[in-house]
Amino acid sequence: MILYTLSQITQRYGKRTVLDIDHLEIEAGRIYALLGPNGAGKTTLLNILGFLEMPTTGRMTFNGQPVEASRTAILHLRRQVVLVDQHPIMFSTTVCSNIEFGLKIREMGKADRQRTVDEVLDTVGLRQFKFAAAHELSGGETQRLALARALALAPRVLLCDEPTASVDAENQAVISVLLQQINVTRGTTIIFTTHDRLQAAALAQQTLVLENGRRAATTYENSFAGTLIPGDNGQLHCTLHGKVQIPISTPQPGCRPIRSGRIYIDPEKITLSRTADQQEPGRDVTGTIMLIMAEGEKIRVVVNIGVLMVVLMDRASYQHHCPAIGATVTLRFAANALTLLDACDPPS
Amino acid sequence: MSFFLESFSAAIRLVASLDPELLTIVRVSLTVSCIATVFAALIGIPAGFAIAYGQLPGKRILITILNTLLALPTVVIGLFVYTFISRRGIFGPLDLLYTQQAMIIGQFILIVPQITALTIAAVSRVDERYRKTAKTLGADTWQTVLVVLREGRFGIGAAVISAFGRVISEIGISMMLGGNIKGFTRTMTTAMALEYDKGSFILAVALGLVLMTLSLGMNILFNLIQGRSRR
């Protein structure tokens, strides 16, 4: 069942367009990860999905009904969706009163409120802090309390803005498990933003990538600021973050001589081989393997070549090359591996 | 030095004996200042909140004007109100001059800008995330406003207390619009000025002590409330 449909949605602040989405559908009961660099429009999209901001232009439906801009309609929709901020703020009262806030608004009776408060505090493991001042909790506990405050309202959609970005490793694990548990036991649709591709892969059933306010047809990884410089013999040199040079055998069609912008390198179009194998100077880049993990039918290998480059290998290739963590390997980039996402003229 | 000590000990005896004249002066002062503060708070807090919270056109100009009005001398307000309520003024027929009502009007004008400006500052300091959090938890506009007010309550409380401190200790308005009529419009500050003119310091010092004690009491009460909320 489709819960949200967004068509031709744009959001502008002054003359700046921060979000421009042609089409997006969100299915009910699933977990979505929203990936993208800072300023990509992730938080703006969450605010729109949480009915906290209305888009400048475009059409939006929720549960099959068009979203109307009237105050009453928005309030009704907002009571079905809760957004948990990256740095959640607690009202200057007790843990219990913080959770009760939304329940009182919904005119729930005192006995039911207390029962709900106890339930959600048990879920997030904060029962012992029920009567503590909310401001005295640690960062991780605050994040869990924010989840409890949202859960108490039994929302259809839970939006989380970087839920684990500002907490320690222990709380990151707790929050990740909680999000999965909420999705499975309550059927709540969860949409969370993150920079962490691995977290997105581990938690989400679907990943959406934003680049400069637009949906990008990439997997977010291998997305770098870079410059394309034409070299000799029809080669194109790509400089990532101004420090790592990658040779590409043929220039991208339609590329102007020197272009800068966001460069995406398709991890499936990179060939990994052991350094001992035949290596062509000027065509290959060497690096050290940092991480190897299975991801469905593919093997994800992260190689440090000055930047962390993700390579997706099929199992046959993996078994042939047998890469090991710490080993030095060579990477070769296919001619069509590189896409310039948002070109601009380089600074003079 | 001995003169000061004699006056001081005599003043303490006067306060301790609950001198009827002293009590009347204190009662008039408190009545006028409390009523002026309540009315100013009823106008200043919502106005300050609306300016800080809303997207009003000319907001910056409004705040600049309010900040300028904070420095308005009491005698200027006294003169201004006098032109309206004196026999020749447009409100002359209401016979307000040299009454407590006239003093209340003057003091109200004195502290409305102060409460408004300090409420703007207090509400502006409330973290924007409170508003967003209240909204996402399902609060409507009024419930969101109450959340912001609750989070800014100490700043707003401080605004009201400082405004009360300003009116209880002012003299220009009370003298010009009240006329320092014994038992009727004589306040602590006008009485102190009169006693000073007469060279009689005992009542003046006694009233000064009461004034300082009141101010101290208000601040202690405020700090207690603030401390309790932070625990």
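Could you sort A:Phe51, B:Phe4 by their accessible area in this structure, using a 1.4 Å probe and putting the largest first?
Largest to smallest exposure gives the sequence B:Phe4, A:Phe51.
Looking at the calculated P(r) for region B:45-192, what percent of the C-alpha pair distances fall above 20 Å?
Within region B:45-192, distances greater than 20 Å cover 57 percent of Cα pairs.
Go through A:Lys269, A:Lys15, B:Lys132 and list them by solvent-accessible area, largest first, probe radius 1.4 Å.
The ranking, largest first, comes out as A:Lys15, A:Lys269, B:Lys132.
Hey, can you rank A:70-80, B:142-152 by average C-beta count inside 10 Å, highest first?
B:142-152, A:70-80
Strictly greater than 16 Å: what percent of every Cα pair in region B:96-146 meets that?
Result: 61 percent of Cα pairs exceed 16 Å.
Given Cα positions, please report Rg to Rh for region A:88-238, the hydrodynamic radius being the Kirkwood one.
Rounded to two decimals, Rg over Rh is 1.15.
As a test of reading the structure, rank B:Tyr53, A:Tyr32, B:Tyr82, B:Tyr196 by solvent-accessible area (1.4 Å probe, protein chains only), most first. Don't skip to the answer; put the middle values down first.
Working: B:Tyr53 40, A:Tyr32 0, B:Tyr82 85, B:Tyr196 145 Å².
In descending accessible area the options line up as B:Tyr196, B:Tyr82, B:Tyr53, A:Tyr32.
Leaving ligands, DNA and RNA out of it, work out the accessible area of B:Thr141 with a 1.4 Å probe and give it in Å² to the nearest 10.
The accessible area comes out at roughly 60 Å².
Need one value for A:95-107: mean number of C-beta atoms belonging to other chains within 10 Å of its residues' C-beta atoms. Numbers along the way, then the final one.
Working: counts 0, 0, 0, 2, 1, 0, 7, 6, 2, 4, 6, 2, 0.
The shielding value for this peptide is 2.
With all protein chains present, how much of the accessible area of region B:55-189 (probe radius 1.4 Å) comes from carbon and sulfur, to the nearest whole percent? Can you show the working numbers first?
Details: 4450 of 6640 Å².
The computed percentage sits at 67.
Go ahead and estimate [θ] at 222 nm for the protein assembly as shown from helices alone: -39,500 (n - 2.57) per DSSP H run with n ≥ 4, summed, over the residue count, rounded to 500.
So the calculated ellipticity at 222 nm is -14500 deg cm²/dmol.
Can you pull the mean other chain C-beta count within 10 Å for peptide B:150-159? If you can, show how the numbers build up before the last one.
On the way: counts 3, 4, 0, 1, 1, 0, 0, 0, 0, 0.
Partner-chain Cβ atoms within 10 Å, mean over residues of B:150-159: 1.
Quick check: convex hull of the Cα atoms in the protein assembly as shown, volume per residue, rounded to a whole Å³?
Cα-based convex hull of the protein assembly as shown, divided per residue, equals 257 Å³.
How well do other chains shield peptide B:127-135, expressed as the mean number of their Cβ atoms within 10 Å of each residue Cβ?
5
I'd like to verify something in chain A: which complete DSSP H helices, judged by Cα projection on the helix axis, reach 15 Å or more and average at least 0.0 on the Kyte-Doolittle scale?
Working: long enough: A:95-105 (17 Å, 0.93); A:110-124 (21 Å, -0.91); A:139-151 (18 Å, -0.05); A:169-186 (25 Å, 0.32).
Sorted by number, the helices that extend far enough and score high enough are A:95-105, A:169-186.
Could you compute how much accessible area chains B and A hide from each other, both sides summed, with a 1.4 Å probe? Nearest 100 Å² is fine.
1900 Å²
Search the structure for amide H atoms under 5 Å from the amide H of A:His87, placed 1.01 Å from N in the peptide plane, and list their residues when 5 or more places away or on another chain.
The list, which skips near neighbours in sequence, is empty: none.
If you fit an axis through the alpha-carbon atoms of helix B:153-168 and take the longest principal axis of the Cα set of chain B, what angle between them do you get, 0 to 90°, nearest 10?
Long axis of B:153-168 versus the principal axis of chain B: about 20 degrees.
To check my understanding: the extent here is largest minus smallest coordinate of the Cα atoms along each principal axis. What are those three numbers for region B:23-100, in Å, largest first?
44, 34, 22
Report the accessible area of B:Glu6, computed with a 1.4 Å probe over the heavy atoms of all protein chains in place, in Å² rounded to the nearest 10.
About 120 Å², ignoring ligands and nucleic acids.
In the protein assembly as shown, if the dipole is taken from +1 on Lys/Arg beta carbons and -1 on Asp/Glu beta carbons about the Cα centre, which of A:Pro37, B:Phe8, A:Leu331 is farthest to the positive end?
Positive-end residue among those listed: B:Phe8.
Leaving out ligands, DNA and RNA but keeping every protein chain, what accessible area does A:His135 have, in Å² rounded to the nearest 10, with a 1.4 Å probe?
100 Å²
Give me the log10 of I(q) over I(0) for region A:1-146 at q = 0.10, 0.14, 0.16 Å⁻¹, as the Debye formula computes it from C-alpha points; what are the numbers?
Summing over Cα pairs of region A:1-146 leads to -0.45, -0.84, -1.01.
By how many degrees, 0 to 90 and rounded to 10, does the Cα axis of helix B:188-198 deviate from the longest principal axis of chain B?
Roughly 30 degrees, rounded to the nearest 10.
The values are calculated or read from the model by the stated rules, or taken from the named source; none is laboratory data. Small disclaimer: the values here were computed from a predicted structure and weren't measured. When we count neighbours, we look across all protein chains shown, and the Cβ atoms used for this are built from the backbone with ideal geometry, even at glycine. The area values use the complete protein model at the heavy-atom level, side chains included, leaving out ligands, DNA and RNA. Shrake-Rupley method; radii C 1.70, N 1.55, O 1.52, S 1.80 Å.
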